[in-house]
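Undergrad: I am attaching a structure below and will ask some questions about it afterwards.
The values are calculated or read from the model by the stated rules, or taken from the named source; none is laboratory data. Note that the coordinates shown come from a computational prediction; the quantities given were computed from them, not determined experimentally. We place every Cβ from the backbone using ideal geometry, glycine too, and count neighbours over all the protein chains shown. Ligands, DNA and RNA are stripped out before the accessible areas are found, and what is left, the full protein with its side chains, is counted by its heavy atoms. Shrake-Rupley method; radii C 1.70, N 1.55, O 1.52, S 1.80 Å.
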Amino acid sequence: MLPLPEDSPSLIGEDARDTAVQRLQEAYAEGLISHEELDERLHQVLTAKAHSELVSALAPLAKEHTDTTSTIGAASGRIRRRGAWRVPRILKVESAFGRVRLDLSRAIIEHPVVDIELQLGTGGARITVPHDAVVEVEGLRTGWKDLRYKAPRSSRPGGPKIRISGAMGFGRLKIRHARR
């Protein structure tokens, strides 16, 4: 197999393609798109070569949802999201005590930029992002422990940008990229 050139778009994993197909089927079932539009968008998703092409196929659906901010919180206990959950444009996570686990590797990401705002007291957090995501953590303040994140050596354009901000008290944030 020949290596990819540096300027080639990132390849799409089957999980990302499957979640995009699932989102289109949901939109059709909800009456948001016609049968003809479903066929057209399914073709676009199934022939897409870069994550940005998936985003463009789903972008009009994201505009249908006016509420693009969501807050999940718990006073104590765990906060966990994984599988094919829909990631809002702005996600606020609030927890006084407990662990936070956000897995975006199979999530439906309809926005090219996602802001995750953490307001955590004690307890750690772990965020798994898609393998082609670009992560920014400049807006995050940590108290007791440092952030654990190692950016990939080579990133390819086309993935979503995940911006993480907010404040963490006595826990550690670990961010990792999914393997594929």
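Undergrad: Computing the accessible area with a 1.4 Å probe over protein heavy atoms, can you report the carbon and sulfur percentage for the chain?
TA: Numbers: 5060 of 10260 Å².
Its accessible area is 49 percent carbon and sulfur atoms.
Undergrad: Pick out, in residue order, every one of the chymotrypsin sites (Phe, Trp or Tyr not before Pro) in segment 87-180 that is DSSP loop and has at most 12 other C-beta atoms within 10 Å; say none if there are none.
TA: Working: sites: Phe97, Trp144, Tyr149, Phe170; in loops: Trp144.
For chymotrypsin sites (Phe, Trp or Tyr not before Pro) across segment 87-180 that sit outside H, G, I, E and B with at most 12 neighbouring Cβ atoms in 10 Å, the list reads Trp144.
Undergrad: On the Cα set of segment 82-161, report Rg and Dmax in Å, please.
TA: Calculated on Cα positions, Rg and Dmax stand at 13.0, 37 Å.
Undergrad: What's the Kirkwood radius of segment 27-89 in Å, using all Cα pairs? If you can, show how the numbers build up before the last one.
TA: Values: mean 1/r = 0.0711 Å⁻¹.
So the Kirkwood estimate lands at 14.1 Å.
Undergrad: Under a Cβ-only charge scheme (Lys and Arg +1, Asp and Glu -1), can you give me the dipole magnitude of the chain about the Cα centre, in debye to the nearest 20? All intermediate terms of the calculation are to be shown ahead of the outcome.
TA: Values: 29 positive and 23 negative charges, 281 e Å.
My answer is approximately 1340 debye.
Undergrad: A follow-up question, please. Please work out the C-alpha center-to-center distance from segment 101-180 to segment 24-44 and express it in whole Å.
TA: 31 Å
Undergrad: Let me ask something additional. Considering just Cα atoms, how many Å³ per residue does the convex hull of the chain enclose? Show your work: numbers first, answer last.
TA: Values: hull volume 20.3 nm³, N = 180.
Cα-based convex hull of the chain, divided per residue, equals 113 Å³.
Undergrad: Is it possible to state the helix-based mean residue ellipticity at 222 nm for the chain, with each DSSP H run of 4+ residues giving -39500 (n - 2.57), the sum divided by total residues, to the nearest 500 deg cm²/dmol? What is it? Please report the intermediate quantities before stating the final value.
TA: On the way: 3 runs with 43 residues, N = 180.
Calculated mean residue ellipticity at 222 nm is -7500 deg cm²/dmol.
Undergrad: Measure off 7 Å from each Cα along the Cα-to-Cβ vector at Ser34 and Arg86, then give the distance between these two points in nanometres to one decimal.
TA: Here the modelled spin labels are 2.2 nm apart.
Undergrad: Still on this structure, please answer the following. Say a site is exposed when it is one of the GluC sites (Glu not before Pro), sits in a DSSP loop, and has at most 15 other Cβ atoms within 10 Å; what is then the longest site-free stretch of the chain? The partial results should precede the final answer.
TA: Working: sites that count: Glu6, Glu30.
Longest site-free region, per DSSP loop and neighbour criteria: 31-180.
Undergrad: With the cut-off at 1.5 for a/c, could you classify segment 105-151 from its C-alpha gyration tensor as rounded, prolate or oblate?
TA: Values: a/c = 1.92, a/b = 1.79, b/c = 1.07.
In terms of gyration-tensor shape, prolate.
Undergrad: Tell me the per residue accessible area of the chain using a 1.4 Å probe; a whole number in Å² is fine.
TA: Working: 10260 Å² over 180 residues.
The answer is 57 Å² per residue.
Undergrad: Calculate, for Arg17 and Trp144, the FRET efficiency according to 1/(1 + (r/R0)^6) with r their C-beta to C-beta distance and R0 35 Å; round to the nearest 0.05. Numbers along the way, then the final one.
TA: Details: r = 41 Å, r/R0 = 1.16.
FRET efficiency, Arg17 to Trp144: 0.30.
Undergrad: Once fully extended, how much extra length lies between Leu42 and Phe97, figured as 0.36 nm per residue of separation less the alpha-carbon to alpha-carbon distance? Mind dumping the intermediate values first?
TA: Numbers: separation 55, 0.36 × 55 = 19.80 nm, distance 4.26 nm.
Working it through step by step, the gained length comes to 15.5 nm.
Undergrad: Taking R0 as 22 Å, what FRET efficiency do you get between Phe170 and Ser70 from their Cβ-Cβ distance, rounded to the nearest 0.05? Let's see the in-between values first.
TA: Values: r = 25 Å, r/R0 = 1.15.
Computed FRET efficiency for Phe170 and Ser70: 0.30.
Undergrad: Follow-up. Label Ala151 and Lys49 with points 7 Å out from Cα along Cα→Cβ: what is the distance between them in nm?
TA: 2.6 nm
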